[in-house]
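Inspection log for the structure reproduced underneath, given as structure tokens.
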Amino acid sequence: MGDRVQDLPPYDLATLREASFPDRLRMLCWTWVLQVNPTPNMVYLAYVLKILLLFVGGWCFFCSFTPGMGNPLSIGTWGFATTAFRKAVVWSLLYEGLGLGCSTGPMTGRFIPPIGGMLHFLRPGTVKLPYFPGAPVVGGTTRTGLDVALYAAFVILSLRALVAPDPSAAMLAPIAVVLLVLGATDVTIFLAARSEHYWVALVCLAWAAGDDPLWIAGCKATWVAIWFWAATSKLNRHFPSVIAAMLTNSPWFTPATKTRFYRSVPDDLRPTPLVATLAHLGTLVEVGFPLVLLWSGGGPATPWALAAMVAFHGFISGNLPMGMPVEWNVMMVYGGLFLFGAFASTGLAVLLSSPPLAIFLACMLVAIPLVGNFVPSRVSFLLAMRYYAGNWPYSVWLFRGDSARKLDRITKATPLMRDQLARMIDDPGQVEMACLMTPTFRLAHLQGRALHEPLSRAVDGDLRRWEWFDGEMIAGMVLGWNFGDGHLHGLRLLEAVQGRCGFEPGELRVVMVESQPLFGATMAWTIADAAGGVIERGESRIRDMVDMQPWPTGVHAEALRRA
């Protein structure tokens, strides 16, 4: 028993340094699950204040430019006016496009500064990913004055609509057009603005003015599509690990309670059957309430369905999941109450009166998500509406020695995470410990098990001599934004980084893992060298991953020890 206690966290830095790589990962996973170093409550409080004061408060501020609106103490009298909803859509689009939303703060690796977004998008010389690589004028990977001007135009046009007493279709249409052009010059900005939601809703608003039921029906279709595809994407074996990870990160449970989300802490960190049942019940609720809202049309069942919707999003928001898409959940709740409560009688059949809008929505809400779910390598997980299902594309960047310092050659708004932490923490050991913990969130999800095989093939020699960066952190630094889309930090970004940093062969290796296709059996992975390109491709079977622990064991652990 004494030896067992010594093998439990907290671990000193020397112990982690000396442990073999698989043992180090095991120790880090145990540290996270046992909540030895929990997230400080002040971090959670900061996010709550940001949502209330900046997001909701910002909406109230812009609504105050409309006579009789904007006072938060009387929100019940004006909050469900059509002007308030239009401003909520524009503000949400701008808020995310500025980088103030889901890609902020410590939980996305941002400390000083706490945001990327506009600090990056307004800076010439930063890295971008054009939709048409190599195209004249817009196809380069370096942000130009034109790119900055287009982004500034997007911000100015959005602010013009927000301060207008009642933003007209003529004010909203230019925002939609400019953002689409921005998406061609840099897909990162289009995704950062959560365009699969807010841009589609904005197009509906720009299509018809005033209280026209056409835009209400279009926005209803958008909300329903998001709920439907988000629920559909959870029809996999990944989602129980998402619930376990989310509840482990929650501020509302004690460390002792959190251990009950796993089969046998610390040795077996697979989610319990209870957690799996909760996950599947949540999926059922997410499918059920929008169907009832569509069917009831304001009837007796509508209040019950709206209550279920509020409870569903409230549960997610209340547990403050990592990545913090909480403002989006707030907007989903508000939009659900507005569209299916205040305007419950407007049906989707209204869209048949405008075939062009109906075709646009069919493409954005049906065709693209359908392809994205069955062929995820072709479509961003955001455009496919595969939210928080635990089935994301991702990557791990492995830098030999201190070669990550070459990233300093890139023009960017955000430094390396260890440099940010060094500005806040005097003890270098604490900084190193915080950086060592970064793999744990990825490994806590089932998708992390797909790494066990390719990790031992990715590098030459002991992995302890390599520095691990999650691709999310690389995208956050180099592209100015990160939120779960592994396509942003795949081969295209690796080529752009190599062109600026000139890594030697074997100095930077990247393991890229693609999402599991809907009802598919595997997750595909690719190993690439910054200087030499693709080294190997393979697949990890989901049925094998389900039986694995977050850290490598068995033959995978032995392979890593021999590396």
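Summary of computed values
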{"item": "Yes/no for Tyr131 being within 30 Å of Gly70 (Cβ to Cβ), touching a helix residue (DSSP H, G or I) at 6+ places or on another chain (Cβ under 7 Å) and in contact (Cβ under 8 Å) with a residue 24 or more places away in the chain", "result": "no"}
{"item": "Answer residue from the range 508-523, given it is out of contact with any Ser or Thr (no Cβ under 6 Å at 6 or more places or on another chain) and within 17 Å of Gly484 (Cα to Cα) and is surrounded by the most Cβ atoms within 10 Å (Cβ to Cβ) among those", "result": "Ser515"}
{"item": "Residue in the range 259-272 that is of a type in the set (Ser, Thr, Tyr), in contact (Cβ under 8 Å) with a residue 60 or more places away in the chain and part of a helix (DSSP H, G or I) present", "result": "yes"}
{"item": "Residue identified as outside the structural domain of Thr222 (by TED's automatic domain parsing), of a type in the set (Phe, Trp, Tyr) and either buried (at least 19 other Cβ atoms within 10 Å of the Cβ) or under 26 Å from the mean Cα position of the chain (by Cα) (or both) among Phe312, Phe289, Phe253", "result": "Phe253"}
{"item": "Checklist (1) at pLDDT 95 or above; (2) under 26 Å from Phe483 (Cβ atoms); (3) in the same structural domain as Leu49 (by TED's automatic domain parsing); (4) surrounded by 18 or more Cβ atoms within 10 Å (Cβ to Cβ) applied to Pro271, failing item", "result": "(3)"}
{"item": "Wholly within the range 429-500, helices (runs of 4 or more DSSP H) carrying at least 3 residues that are at pLDDT 95 or above and touching a helix residue (DSSP H, G or I) at 6+ places or on another chain (Cβ under 6 Å)", "result": "471-478"}
{"item": "Condition check for Pro133: over 28 Å from Ala422 (Cβ atoms) and at pLDDT 95 or above", "result": "yes"}
{"item": "Helices (runs of 4 or more DSSP H) completely within the range 37-123 that count 3 or more residues being modelled with pLDDT under 90 and either touching a Phe, Trp or Tyr at 6+ places or on another chain (Cβ under 8 Å) or surrounded by fewer than 22 Cβ atoms within 10 Å (Cβ to Cβ) (or both)", "result": "41-49"}
{"item": "Qualifying residue in the range 414-427 (condition: under 19 Å from Asp23 (Cβ atoms) and either touching a Lys or Arg at 6+ places or on another chain (Cβ under 8 Å) or in the same structural domain as Cys501 (by TED's automatic domain parsing) (or both))", "result": "no"}
{"item": "Flag if Ser377 is under 19 Å from the mean Cα position of the chain (by Cα), at pLDDT 95 or above, buried (at least 21 other Cβ atoms within 10 Å of the Cβ) and within 30 Å of Val200 (Cβ to Cβ)", "result": "no"}
{"item": "Close pairs from the range 108-124: first among the charged types (D, E, K, R), partner at pLDDT 95 or above and outside any helix (DSSP H, G or I), Cβ under 8 Å, at least 6 apart", "result": "Arg123/Arg143; Arg123/Thr411"}
{"item": "Output for the range 406-435, where each listed residue is touching a Phe, Trp or Tyr at 6+ places or on another chain (Cβ under 8 Å), crowded, with 16+ Cβ neighbours inside 10 Å and not polar (S, T, N, Q)", "result": "Lys406, Met417, Leu421"}
{"item": "Conditions (1) among the aromatic types (Phe, Trp, Tyr); (2) closer than 20 Å to Gly101 by Cβ; (3) over 25 Å from the mean Cα position of the chain (by Cα); number of the one not met by Trp78", "result": "(2)"}
{"item": "Qualifying residue in the range 172-184 (condition: surrounded by fewer than 20 Cβ atoms within 10 Å (Cβ to Cβ) and in a loop (DSSP other than H, G, I, E, B))", "result": "no"}
{"item": "Residue identified as farther than 24 Å from Trp229 by Cβ and either over 24 Å from the mean Cα position of the chain (by Cα) or of a type outside the set (D, E, K, R) (or both) among Ala384, Ala389, Ala450, Ala444", "result": "Ala444"}
{"item": "Leading residue by the ranking (nearest to the chain's Cα centre (by Cα)) among those in the range 511-532 that are of a type in the set (Gly, Ala, Ser) and closer than 17 Å to Val546 by Cβ", "result": "Ser515"}
{"item": "Odd one out for Pro552 among (1) crowded, with 23+ Cβ neighbours inside 10 Å; (2) more than 19 Å from Pro439 (Cα to Cα)", "result": "(2)"}
{"item": "Sole exception among (1) surrounded by 15 or more Cβ atoms within 10 Å (Cβ to Cβ); (2) in contact (Cβ under 8 Å) with a residue 40 or more places away in the chain; (3) on the phi < 0 side of the Ramachandran plot for Glu536, by number", "result": "(1)"}
{"item": "Enumeration of residues in the range 127-162 that are under 26 Å from the mean Cα position of the chain (by Cα), over 13 Å from Ile189 (Cβ atoms) and in a loop (DSSP other than H, G, I, E, B)", "result": "Phe132, Pro133, Gly139, Gly140, Thr141"}
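The values are calculated or read from the model by the stated rules, or taken from the named source; none is laboratory data. It should be emphasised that the depicted structure is a prediction, and the values quoted were computed from it without experimental measurement. Heads up, the Cβs are rebuilt from the backbone with ideal geometry, glycines too, and the neighbour counts pull from every protein chain shown.
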